[in-house]
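Peer 1: Please see the structure below; I have some questions.
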Amino acid sequence: MDETRQLSGFPFELDDFDPDVDMITSEVINPQAVAADRSLARRASLQVLYELDTTAHSFADVLAAHLAERPETKAVRPIVRRLVDGVVTNRADIDALLQRYAPEWPIDQVAVIDRNILRIAVFEHLLQKRRTPIPVIINEAVHLAQLFGAEHSHSFVHGVLGAITSEICPNRQALSEEGEIL
């Protein structure tokens with residue numbers, strides 16, 4: 001009776017499984033669709049920046065591979081290019097700013113995901129010409145940290161971005177340019 005049975009189609013054995021009594025069920029979980037192209041672009045940019053931060057792959061190869069594999073609309077690709085290129089080009093300045101507002105965390109010791117979420121947000125907030133409302137930038141960054149970061153990443157990201165915003169641009173009214181999708 002201590003016999004192990006293998007179901008057809010399963011690559012592994014199921015101990016103590018009796019097909020007459022036991023049942024295997026599964027649940028399909030579909031992730032929520034991201035509404036805006038910019039949200040998709042931020043996710044894709046985070047993936048590209050993560051790979052660049054953790055491998056010795058070239059910038060051009062990583063960007064080309066990610067853009068070729070993306071099923072999203074063509075509208076997302078230029079945004080990804082702009083965000084990734086902006087972060088890579090301005091990384092030293094962005095990291096210096098992040099270090100200033102999170103001095104207890106050396107930038108090279110901040111989790112790769114958190115570091116790149118912050119880099120994207122700082123680039124969008126301070127360095128790009130297109131003006132996205134600050135609350136949108138912060139909310140998107142916190143959401144990315146909740147999805148991809150560790151348990152308290154969202155609090156860390158929110159705190160750093162809040163400190164930067166309150167000191168650098170306390171009175172800035174960042175309105176999106178007319179006609180642009182946020």
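Peer 1: Please go through the stretch 64-164 and write out the GluC sites (Glu not before Pro) that DSSP classes as loop and that have at most 12 other C-beta atoms within 10 Å.
Peer 2: Here the sparse-neighbourhood loop sites are 104, 151.
Peer 1: Multiplying the sequence separation of residue 168 and residue 68 by 0.36 nm and subtracting their Cα-Cα distance, what value in nm do you get?
Peer 2: This chain segment gains 32.3 nm when fully extended.
Peer 1: How many nm is it between the label spots at residue 53 and residue 109, if each spot is 7 Å from the Cα in line with the beta carbon?
Peer 2: 1.6
Peer 1: Beyond 25 Å, what share of the Cα-Cα pairs of the stretch 37-167 remains, rounded to the nearest whole percent?
Peer 2: 17
Peer 1: Test of the criteria: in the stretch 46-108, which trypsin sites (Lys or Arg not before Pro) are in a DSSP loop and have at most 13 other Cβ atoms within 10 angstrom of their Cβ?
Peer 2: 74
Peer 1: ³J(HN,Hα) across the stretch 152-168 via Karplus (A = 6.51, B = -1.76, C = 1.60, θ = phi - 60°), whole Hz, x for Gly/Pro?
Peer 2: Residue by residue, the stretch 152-168 yields 10, 4, 4, 5, 4, 4, 4, x, 5, 5, x, 5, 4, 5, 5, 8, 7 Hz.
Peer 1: For labels at residue 18 and residue 131 in the simple 7 Å Cα→Cβ model, what's the distance in nm?
Peer 2: 7.2
Only the coordinates and a few stated rules stand behind these numbers; no lab work does. Worth saying up front: this structure is predicted, and the values here are computed from it rather than measured. Cβ sites come from the backbone with ideal geometry, for glycine too, and all protein chains shown count toward neighbours.
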